[in-house]
Amino acid sequence: MCAEDGCFPGLYCTTIHSNPWLSDNCTMIISSIWHSSEVLLSVNVLSGEIVHISPVDPNFSWNLLTLDGNNIVAISSSPVDFAQIRYGKAIKKETNNTTWSWSNISSPIFRCSDKVRSLLSSLQSSILRISVKDAHDGQTKVGYSLLIVNYRGSLGFGEEALQSLPGNVGSQDVNDVLSAIDHVINLGLASPSKITVMGISHGGFLTTQLIGQAPDKFVAAAAINPVCNLALMIGTTDIPDWCYVEACGTTARNCFTEPPSADDLTLLYNKSPISHVSKVKAPTLFLLGAQDVRVPIYDGLQYARALKEKGVDVKIIMFQNDVHALKRPQSDMESFLNIGVWFNKYCKYGASESRDFLKT
């Protein structure tokens, strides 16, 4: 099924709630990726009926928090809106169809004493307050325009699109991203001389592929636990089968039980960003989790060392106690602060100009 069909693309759930059932005990509520956003779906496991129950707005994503009977508490957010807690209630109709009524929960009730509640309501802080407009409006003098690309192979667009990527990494996904950049430049939404790029995991793979294959397009880059050399990663990762699938296609998933041949290692290397490292010009920030077993730090360190040898400006930040996702709050905060400082350092702009930021 293709994206343009505009209908159900399949189930792409990152998690399923521990108790997802409505009161009929045969309908479950799940969060699933539908095209470029996450939505709430009701799935009747007896009839197979699947219904999109969250409000239809492609700008917002929805995640299930909890449910009780026919009542749902969820959270909705967008790239430019803070998360909002939402309450949904099932409304039965005479036709036996169910509709959902959604309302905002502006002030969630939480258990604490009146004294604590009073202190919280009057709390003052000397921490710098950042304007929401400045943080999200790419046209302000301190903001970035943000481009997040759903290249072919992304979740939520059906199996045909998803399965088109294995065996074509480093070419199909890279070309899709470059086409998206050219498109927004042609629309006048981005300055071709002020583009930066960042990504994590496969997004880090894309980041390092892009700065190698299109070295004059980016002024700076940030790679978070990036896949830089599949030939190195296959011997150290906890998912060696993924390396074969990405480089060779889905039929190669069983090859990981055998030691890679010289031809395998050559193919894996040629599909990797490391094969383009000699062309890189963009100053690159590496953020690595020392406890990462998915993409061990040696991948990023080898690539960073190669960049240093050729005189490219490189900085490495190691998070000693964090893993692949860098999901500790301290790591998350420090990552984005350092990425912002890094990009600001290399984006030369005037007072009325905006900077453009690609997230892969």
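The values are calculated or read from the model by the stated rules, or taken from the named source; none is laboratory data. Predicted model, so just to flag it, every value in this text is computed and none were measured. Cβ placement follows ideal geometry from the backbone for every residue including glycine, while neighbour counts extend to all protein chains displayed.
Pick from region 168-183 the residues that are in contact with a Lys or Arg (Cβ under 9 Å, 6 or more places away or on another chain) and among the aliphatic types (A, V, I, L, M): which of them is farthest from THR196 (Cα to Cα)?
Going through the qualifying residues, I end up with VAL169.
What are the pairs, 6+ residues apart or on separate chains, where a residue within region 1-20 that is part of a loop (DSSP other than H, G, I, E, B) has its Cβ under 7 Å from a residue that is among the hydroxyl-bearing types (Ser, Thr, Tyr) and at pLDDT 90 or above?
Short answer, once both residue conditions are applied: LEU11/SER32; TYR12/SER32; CYS13/SER31; CYS13/SER32.
Name, by its number, the condition in (1) of a type outside the set (Lys, Arg); (2) at positive phi; (3) touching a helix residue (DSSP H, G or I) at 6+ places or on another chain (Cβ under 8 Å) that does not hold for GLY249.
With (1) of a type outside the set (Lys, Arg); (2) at positive phi; (3) touching a helix residue (DSSP H, G or I) at 6+ places or on another chain (Cβ under 8 Å) applied to GLY249, the lone miss is (3).
Of all residues in region 214-271, which are more than 20 Å from TYR303 (Cβ to Cβ) and either of a type in the set (S, T, N, Q) or crowded, with 23+ Cβ neighbours inside 10 Å (or both)?
TYR244, THR250, THR251, ASN254, THR257, SER261
Name the single residue, out of those in region 153-194 being of a type outside the set (A, V, I, L, M, F, W, C), crowded, with 17+ Cβ neighbours inside 10 Å and under 24 Å from SER272 (Cβ atoms), that is nearest to the chain's Cα centre (by Cα). If you could, list the steps in order and put the result at the bottom.
Within region 153-194, the subset of a type outside the set (A, V, I, L, M, F, W, C) is 153-154, 156, 158-160, 163-164, 166-168, 170-173, 175-176, 179, 182-183, 186, 188, 191-194.
Add one more test, that the residue is crowded, with 17+ Cβ neighbours inside 10 Å, and what stays is 153-154, 156, 158, 166-168, 170, 173, 176, 194.
Of the ones still in play, those that are also under 24 Å from SER272 (Cβ atoms) are 153-154, 166-168, 170, 173, 176.
Details: GLY153: 13, SER154: 10, PRO166: 18, GLY167: 21, ASN168: 20, GLY170: 18, ASP173: 14, ASP176: 16 Å.
In this case the residue turns out to be SER154.
For region 87-95, indicate whether the set of residues that are crowded, with 16+ Cβ neighbours inside 10 Å and at pLDDT below 90 is non-empty.
Checked region 87-95: at least one residue is crowded, with 16+ Cβ neighbours inside 10 Å and at pLDDT below 90.
Is it true that some residue in region 245-254 is among the small types (Gly, Ala, Ser), modelled with pLDDT of 95 or more and more than 17 Å from GLY199 (Cα to Cα)? Steps first, please.
Start the filter on region 245-254 by keeping residues that are among the small types (Gly, Ala, Ser), which leaves 247, 249, 252.
Narrowing the set further to residues that are modelled with pLDDT of 95 or more leaves none.
The answer is no; no qualifying residue exists.
Among SER154, SER193, which is hydroxyl-bearing (Ser, Thr, Tyr), part of a loop (DSSP other than H, G, I, E, B) and in contact with a helix residue (DSSP H, G or I) (Cβ under 9 Å, 6 or more places away or on another chain)?
On the way: SER193 fails: in contact with a helix residue (DSSP H, G or I) (Cβ under 9 Å, 6 or more places away or on another chain).
It is SER154.
Does GLY311 meet the test of being modelled with pLDDT of 95 or more and in contact with a strand residue (DSSP E or B) (Cβ under 7 Å, 6 or more places away or on another chain)? Break it down into steps so the answer makes sense when it comes.
Numbers: modelled with pLDDT of 95 or more: yes; in contact with a strand residue (DSSP E or B) (Cβ under 7 Å, 6 or more places away or on another chain): no.
No: the conditions fail for GLY311.
Do we find that LYS327 is within 17 Å of GLY199 (Cα to Cα), out of contact with any Asp or Glu (no Cβ under 6 Å at 6 or more places or on another chain) and either of a type in the set (Lys, Arg) or at pLDDT 95 or above (or both) in this structure? First the steps, then the outcome.
Details: within 17 Å of GLY199 (Cα to Cα): yes; out of contact with any Asp or Glu (no Cβ under 6 Å at 6 or more places or on another chain): yes; either of a type in the set (Lys, Arg) or at pLDDT 95 or above (or both): yes.
Taking the combined requirement at face value, the residue satisfies it.
Got a number for residues in region 287-304 being free of Cβ contacts under 8 Å to residues at least 60 places away in the same chain and not in a loop (DSSP other than H, G, I, E, B)?
2
Pick from SER164, SER145: which is among the hydroxyl-bearing types (Ser, Thr, Tyr) and part of a loop (DSSP other than H, G, I, E, B)?
On the way: SER145 fails: part of a loop (DSSP other than H, G, I, E, B).
Sole residue among the options that is among the hydroxyl-bearing types (Ser, Thr, Tyr) and part of a loop (DSSP other than H, G, I, E, B): SER164.
Can you tell me which of SER179, SER191 is touching a strand residue (DSSP E or B) at 6+ places or on another chain (Cβ under 7 Å) and farther than 24 Å from ARG294 by Cβ? Spell out the reasoning first.
Values: SER179 fails: touching a strand residue (DSSP E or B) at 6+ places or on another chain (Cβ under 7 Å).
The conditions single out SER191.
Return only the number of the condition from (1) of a type in the set (A, V, I, L, M, F, W, C); (2) modelled with pLDDT of 90 or more; (3) in contact with a helix residue (DSSP H, G or I) (Cβ under 8 Å, 6 or more places away or on another chain) that VAL142 does not satisfy.
Here VAL142 meets the rest and fails (2).
Pick from PRO283, PRO296: which is modelled with pLDDT of 95 or more, of a type outside the set (A, V, I, L, M, F, W, C) and either under 24 Å from ASP241 (Cα atoms) or not assigned by TED's automatic domain parsing to the domain that holds GLY204 (or both)?
Exactly one of PRO283, PRO296 is modelled with pLDDT of 95 or more, of a type outside the set (A, V, I, L, M, F, W, C) and either under 24 Å from ASP241 (Cα atoms) or not assigned by TED's automatic domain parsing to the domain that holds GLY204 (or both), namely PRO296.
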